[in-house]
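First up is the structure itself, then whatever we jot down about it.
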Amino acid sequence: MFLLTLIAFLICFSAPTTGSQPAQPAKDIPEPPVVTPAPAQVQPTPPPSDAVVLFDGTSMDAWQHADGKPAQWTPDGKKDGAMTCKPGSGSILSKQKFGDIQLHVEFATPAKVEGEGQGRGNSGVYIQNRYEVQVLDSYQNKTYPNGQCGAVYLQHVPLANACRKPGEWQTYDIVFRAPRFKADGSLEKPGSLTVFHNGVLIQDHVEIKEPTGGGDKGTGDGPIHLQDHGNTVKYRNIWVRPLGSK
Ligand code: MG
């Protein structure tokens, strides 16, 4: 019995993301297999009829910076229906806040490859301004697996590296179930994330352990947050389907 207790104790306190220890880059773990997805689509697929459209290429009205100022990221107009991160302007957040959602986001890392590791095509999609699904140019670009494209940052390595080439449009389709909290603010039920990257399942209903680095610590509904990490990552065709509680 003592041995079992000791083993349970060791498991609990050696796990990288439990307790109060901050999650760390895990460099010495296997990289996920590389999977070549279907070719990129030149034109995005239109959203379903009940979607809340957050960006369709025409307006930044649904977005703001964290201080409430108008989003300074640049829409490309009708050229390709995209907006581009303006490095130094700060991340942008949707004005609308969400609980459980289905989220569709398309992104493209810069076609001109610059930098390496975490410095190449870095951005991120934070659900509820708390939980980052990493955006990174992980096409032939090595970094720690729990920080590569499609990682729930520092918490869950993606099941596959399904990145397209730099400059090509890529898709995330995300199902998010928010954590449930008791009236006193303590956790009642952890949240979960399922992510398809370019149609490939890369996160399979993984449990959210805590807000990822830089994430808001609150417990209520929250905005979608697109990260300014200093790289000119593009986004297009962003829509949400609120799922209601379950
Ligand atoms: Mg990031």
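Tally Lys/Arg at +1 and Asp/Glu at -1 over every other residue whose Cβ is under 10 Å from the Cβ of Ser89; what's the total?
The answer is +1.
Please count, across the range 89-231, the pairs of lysine residues with Cα atoms under 19 Å apart that sit 8 or more places apart or on different chains.
Close lysine pairs under the 19 Å cut-off: 10.
Assigning unit charges at the beta carbon (Lys, Arg +1; Asp, Glu -1) and nothing else, what dipole magnitude in debye, to the nearest 20, does the chain show about its Cα centre?
120 debye
Helix-only mean residue ellipticity at 222 nm, the chain, DSSP H runs n ≥ 4 weighted -39,500 (n - 2.57), per residue, nearest 500. What is it? Could you put the intermediate results ahead of the total?
Values: 1 runs with 13 residues, N = 246.
Calculated at 222 nm, the ellipticity per residue is -1500 deg cm²/dmol.
Taking all protein chains in place and a 1.4 Å probe, what share, in percent, of the accessible surface of the range 89-231 do carbon and sulfur account for?
48 percent
Provide Rg over Rh for the range 89-231; use the alpha carbon set for both Rg and the Kirkwood Rh (inverse mean inverse pair distance).
0.96
Tell me, what is the per residue accessible area of the range 30-187 in Å², probe radius 1.4 Å?
45 Å²
Viscosity 0.890 mPa s, temperature 25 °C: Stokes-Einstein D of the chain from its Kirkwood Cα radius, in µm² per second?
For these conditions, the coefficient is 132 µm²/s.
Take the alpha carbon gyration tensor of the range 32-169, find the square roots of its eigenvalues, order them as a ≥ b ≥ c, and report rounded if a/c is under 1.5; if not, report prolate when a/b exceeds b/c, else oblate.
Details: a/c = 1.45, a/b = 1.37, b/c = 1.06.
The shape class here is rounded.
Using unit Cβ charges (K, R positive; D, E negative) and no other charged atoms, how large, in debye to the nearest 20, is the dipole of the range 89-231 about its Cα centre?
Computed about the Cα centre, the dipole is about 60 debye.
The values are calculated or read from the model by the stated rules, or taken from the named source; none is laboratory data. Bear in mind that the values here come from a model prediction, so they are computed numbers and not experimental data. Note that we place each Cβ from the backbone using ideal geometry, even for glycine, and neighbour counts take in every protein chain shown. Heads up: the accessible areas ignore ligands, DNA and RNA and are worked out on the full protein's heavy atoms, side chains in. Shrake-Rupley method; radii C 1.70, N 1.55, O 1.52, S 1.80 Å.
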